[in-house]
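Inspection log for the structure reproduced underneath, given as structure tokens.
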Amino acid sequence: GAVVSQHPSRVICKSGTSVKIECRSLDFQATTMFWYRQFPKQSLMLMATSNEGSKATYEQGVEKDKFLINHASLTLSTLTVTSAHPEDSSFYICSARDEGGLAGRYNEQFFGPGTRLTVL
Amino acid sequence: GENVEQHPSTLSVQEGDSAVIKCTYSDSASNYFPWYKQELGKGPQLIIDIRSNVGEKKDQRIAVTLNKTAKHFSLHITETQPEDSAVYFCAASTGGFKTIFGAGTRLFVKA
């Protein structure tokens, strides 16, 4: 249980285009999901907290108009990188919080496999 | 805000030896401390965690200790194997909400 999927796993796009990344909790519901960005050999940097049915909460320095987040259901959050540029190339990882407490794992975060975005 | 420091940044051990990674946190309200293993090109995987009402937890070759007074927690891997080679992240959170990650430790287990 507690599986989080991401799609796509890899995407290459041209500069100026938009890219959508999906994050799904497969066997539990999550009103809260998190989007992280990871540069090579660095730690995870929280970009925003995705809240089901309401606006996302962005971390300081993260442009909300650049990184659009939609959390339309209890099992799906999407991150859209708008007008992508080469500096947006990175590894994007989502996580979902098990708020239902599957088998006593209340509030644990489960991570997706990540999406590698390359902007040419 | 909360800050988590992790040491060492790189750790190289011989197969069969033990590995220890240490973290400190700044927010005394933190009450949940997970450890993640991340292999190249993959997302982090939770390997063990500890909550603030427990001082030590063990799962086979992996153990975690927590010293709330000193705000320290550590990961211990015994009888290391080459497949343990990965990047390990400690983290701390308050009420299970926002999780703050350490900088990571790159562990190399030499066969």
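The numbers here are math on the coordinates, done by the rules we state, and not lab data. None of the values given here were measured: they were computed from a predicted structure. All Cβ positions, even for glycine, are placed from backbone atoms using ideal geometry, and neighbour counts span all protein chains on display.
Between B:ALA29, A:PHE67, B:GLY43, whose Cα lies farthest towards the positive end of the dipole of the protein assembly as shown when Lys and Arg beta carbons carry +1 and Asp and Glu beta carbons carry -1, centred on the Cα centre? Among B:ALA29, A:PHE67, B:GLY43, the one farthest towards the positive end of the dipole of the protein assembly as shown is A:PHE67. Taking a straight Cα-Cα cut-off under 16 Å and skipping sequence neighbours fewer than 8 places away in the same chain, the aspartates and glutamates within cross-link reach of A:LYS14 are A:GLU87, A:ASP88. For the segment B:38-46, counting C-beta atoms of other chains within 10 Å of every residue's C-beta and taking the mean gives 6.
From the cross-link list A:LYS20/A:LYS64; B:LYS22/B:LYS71; A:LYS41/B:LYS42; A:LYS20/B:LYS98, which pairs have alpha carbons spaced over 19 Å apart? Over 19 Å Cα-Cα: A:LYS20/B:LYS98.
Using a Förster distance of 30 Å, how high is the FRET efficiency between B:VAL20 and A:SER83, based on the Cβ-Cβ distance and rounded to 0.05? Can you show the working numbers first?
Values: r = 46 Å, r/R0 = 1.52.
With a Förster radius of 30 Å, E is 0.05.
By the count of other C-beta atoms within 10 Å, a proxy for reagent exposure, A:SER73, A:SER89 are ordered fewest to most as A:SER73, A:SER89.
Only one residue of A:ALA48, A:LEU26, A:VAL81 has its Cα farthest out toward the positive end of the dipole of the range A:18-120, where Lys and Arg carry +1 and Asp and Glu -1 on Cβ, and that residue is A:VAL81.
From the alpha carbon centroid of the range B:8-64 to that of the range A:1-54 is 23 Å.
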